[in-house]
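What follows is calculated from the coordinates using simple rules that are stated; it is not laboratory data. Note that the structure is predicted; figures quoted are calculated from it, not measured. Quick reminder, even Gly has a Cβ in these numbers, built from the backbone with ideal geometry, and neighbours come from all protein chains shown.
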Amino acid sequence: MKTITIGNTVISVLSGDITAWTGDIIVNAANSGLLGGGGVDGAIHRAGGPEIMEQCKEIRKLQGGCPPGHAVITAAGNLDAKHVIHTVGPIWEGGGRREAQTLAECYRSSLKLANEVSARSIAFSNISTGIYGYPKSPACDVALKAVTEYVREDQDNRLEQIDFVCFDSDNLELYMKRLEQYA
């Protein structure tokens, strides 16, 4: 584990399975249909149980899903968290279709939503770096920049702990190497 502190917020990088993380909010790398899927999305839905899917279906009825860069919140079901924030990352198309801006907005909108529900801790998966094909190195920089800028600039930030939970060794190595650059 590696950490930096910005103001009253500790930002950490750790290795593990986000479904085993304990805290207020887990961020799911969801698809726009909010219907579960593969990778971390499927793992969170399986571990959290049917309550998450039922609430995702209600959100679909109200707003038709979740567009890339946006975030919605549900209960966490059987997970050791209070809520799951579902955010939809960009599908990598070479970098010329505002993928970096959309990915940064995933992190910002998730943090904003976490603060709206007075969360003190949040854990991020590595959004868009799996099936959506976003290259891991630039995705790491977008994530770290978006989160550290949010913590520095948002006057409403109440988050005390922000964790990047890396499931694979490539992401873990990148985040561990680069975290201190954003202190």
Open item on the list: Residue under question is residue 75, and the condition is that it be among the aliphatic types (A, V, I, L, M), over 15 Å from residue 129 (Cα atoms), loosely packed, with under 14 Cβ neighbours inside 10 Å and in contact (Cβ under 8 Å) with a residue 12 or more places away in the chain; does it hold?
Closed with: no
Task: Conditions (1) over 13 Å from residue 76 (Cβ atoms); (2) touching a residue at least 24 places away in the same chain (Cβ under 8 Å); (3) of a type outside the set (A, V, I, L, M, F, W, C); number of the one not met by residue 48 - done: (1)
- [ ] Kindly check whether there is at least one residue in the range 146-154 that is of a type outside the set (A, V, I, L, M), surrounded by fewer than 20 Cβ atoms within 10 Å (Cβ to Cβ) and in a loop (DSSP other than H, G, I, E, B).
- [x] yes
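Could you check the range 59-86 and list, in sequence order, the residues that are part of a loop (DSSP other than H, G, I, E, B) and of a type in the set (Gly, Ala, Ser)?
Taking the range 59-86 as the starting set, the residues that turn out to be part of a loop (DSSP other than H, G, I, E, B) are 64-70, 76-80.
Across the range 59-86, the qualifying residues are 64, 65, 69, 76, 77.
So which residues in the range 26-43 are part of a helix (DSSP H, G or I) and surrounded by fewer than 24 Cβ atoms within 10 Å (Cβ to Cβ)? Break it down into steps so the answer makes sense when it comes.
Within the range 26-43, the first condition is being part of a helix (DSSP H, G or I), and the residues that meet it are 39-43.
Across the range 26-43, the qualifying residues are 39, 41, 42, 43.
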- [ ] Take the range 2-13 and flag every residue that is among the hydrophobic types (A, V, I, L, M, F, W, C) and either over 14 Å from the mean Cα position of the chain (by Cα) or assigned to a loop (DSSP other than H, G, I, E, B) (or both).
- [x] 4, 6, 10
- [ ] Quick one: which residue in 23, 16, 7 is loosely packed, with under 15 Cβ neighbours inside 10 Å, touching a strand residue (DSSP E or B) at 6+ places or on another chain (Cβ under 6 Å) and touching a residue at least 60 places away in the same chain (Cβ under 8 Å)?
- [x] 16
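From the list 177, 112, which one is assigned to a helix (DSSP H, G or I), farther than 19 Å from residue 28 by Cα and basic (Lys, Arg)? Please lay out each step first, then the result.
Values: 112 fails: farther than 19 Å from residue 28 by Cα.
Just one listed residue meets the conditions, 177.
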